[in-house]
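Taken together, the values in this text are just the output of simple stated rules run on the coordinates, not laboratory data. Here the structure is a predicted model, which is why all the values come from computation and not from measurement. Positions of Cβ are generated from backbone atoms using ideal geometry, with glycine treated the same way; all protein chains shown enter the neighbour counts.
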Amino acid sequence: MRNINEHTITAAVLDRMAQCEDPRLKEIMSALVRHMHDFAREVKLTEAEWAAGIEFLTATGQKCSDKRQEFILLSDTLGLSMLTVALNHAKSAQATEATVFGPFHVPGAPKLPLGGDISGGAKGEPLFVNTTVRGRDGEPVADAEVDVWEADAEGFYDVQRASLDHPQGRAVFRTDAEGRLWFRGVMPVAYPIPTDGPVGVMLRATKRHPWRPAHVHFMIKAPGYETLITHVFRDGDEYLDSDAVFGVRNSLIGDFVSHRDGIAPDGSVQAKPFHTLKFDFVLEPEAAG
Ligand code: BEZ
Ligand code: FE
């Protein structure tokens, strides 16, 4: 096809993919081309704007490393991550809601026994977490693998601290026979997502703040159940209604209790303030097929 113009180009590109044998790939690529072309036509994209977009995406890729995922951050801040979660996890009323994965999970975190301390020496007031993992009918989920990660009291994940040579604020546990999981960490605080890259440029240009309300991340895997990726948020946080990545759900606001001092749930004597959190997770059964 020759002499393509702004009206005929979309059909020409779609036609070029006509032989694609993977129906899902064809569907996704076709929709992407149609929406991208409609977008360019709608905003009457200039060549300078096209070049700025390419430069932005190039810088986003260049900011990625084994410790930094700027593309996930971009997807999160544009609401695409939460939209994808919402599309894929329309759960039953009983099951715990999912939320964004975020860029700070690290596979292979230390495996700790129940009651272990995930902080690895991270700064923060002690937090004693007590949870259960159950199925929709209330059955305890024994031996579920529970990955936990959180930022320290200064709002940084371990992977954001270049000088750190060991994991902090992350661990993997297994629930006991009654589906229980308990561990020690640090009280989470609100923190800004990283703004020293292209995503920060985008947030400033669009007059958006980068803050996330305080939370602890959980990823729970067990045979026969859907994997649950979620957070538990701290009640009263000033950013619950304006999370930079749109991840807050009412049902995920946890019962954090602050104590001035006293005996912690693990029996230790705490002379300084500490906190406790109770939260029960409910897993959705794995979809058939
Ligand atoms: C996080 O909660 O770790 C996170 C999620 C999305 C973007 C940045 C951070
Ligand atoms: Fe986080």
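Here are some notes:
- Partners of Lys26 within straight-line reach, counting lysines whose Cα lies under 29 Å from its Cα and excluding those fewer than 8 residues away in the same chain: Lys44, Lys91.
- The Asp15 and Ser65 beta-carbon pair, evaluated with R₀ = 35 Å, returns a calculated FRET efficiency of approximately 0.35.
- For segment 60-127 versus segment 150-168, the gap between their alpha-carbon centres in whole angstrom: 14 Å
- Between Leu203, Leu277, Leu25, the residue with the greatest mean-square fluctuation in the GNM of the chain (Cα pairs under 10 Å linked by springs) is Leu25.
- Additional length obtainable on full extension of the chain from Lys278 to Leu164, 0.36 nm per residue less Cα span: 38.0 nm
- With contributions of -39500 (n - 2.57) from each DSSP H run of at least four residues, the per-residue ellipticity at 222 nm computed over the chain stands at -7500 deg cm²/dmol.
- C-alpha long axis of helix 23-43 to longest principal axis of the chain, angle in °: 70 degrees
- Estimated vicinal HN-Hα couplings, Hz - segment 232-238 in sequence order (Karplus 6.51, -1.76, 1.60; Gly, Pro = x): 10, 9, 8, 5, x, 5, 5
- 3J(HN,Hα) from dihedral phi, segment 141-149, Karplus parametrisation 6.51/-1.76/1.60, rounded to Hz, x for glycine, proline: 9, 7, 6, 5, 8, 10, 8, 10, 8
- Filter on Lys221/Lys272; Lys63/Lys123; Lys111/Lys278; Lys63/Lys278; Lys123/Lys221 - keep pairs with C-alpha separation over 31 Å: Lys221/Lys272; Lys63/Lys278
- Relative contact order of the chain, defined on C-alpha pairs under 8 angstrom at six or more residues apart (%): 20 percent
- Amide H contacts of Val186: Leu127, each under 5 Å away and 5 or more positions distant or on a separate chain (H built 1.01 Å from N in the peptide plane; Pro and chain starts excluded).
- Ordering of 12-22, 182-192 by burial proxy (mean other Cβ atoms within 10 Å per residue, highest first): 182-192, 12-22
- Taking amide H positions as modeled 1.01 Å from N, with prolines and chain starts lacking one, the residues under 5 Å from Val282 and 5 or more places away or on another chain are Thr96, Arg134.
- Among residues other than Phe173 with Cβ under 12 Å from its Cβ, the summed charge is +1 (Lys and Arg +1, Asp and Glu -1).
- Taking amide H atoms as placed 1.01 Å from N in the peptide plane, the amide H of Arg180 lies under 5 Å from those of Val133, each 5 or more residues away in sequence or on another chain.
- When peptides 55-62, 167-174 are ranked by their average number of other Cβ atoms within 10 Å per residue, the highest-first order is 167-174, 55-62.
- Contour excess over end-to-end distance, with Cα ends at Met1 and Asp241 and 0.36 nm allotted per residue: 81.3 nm
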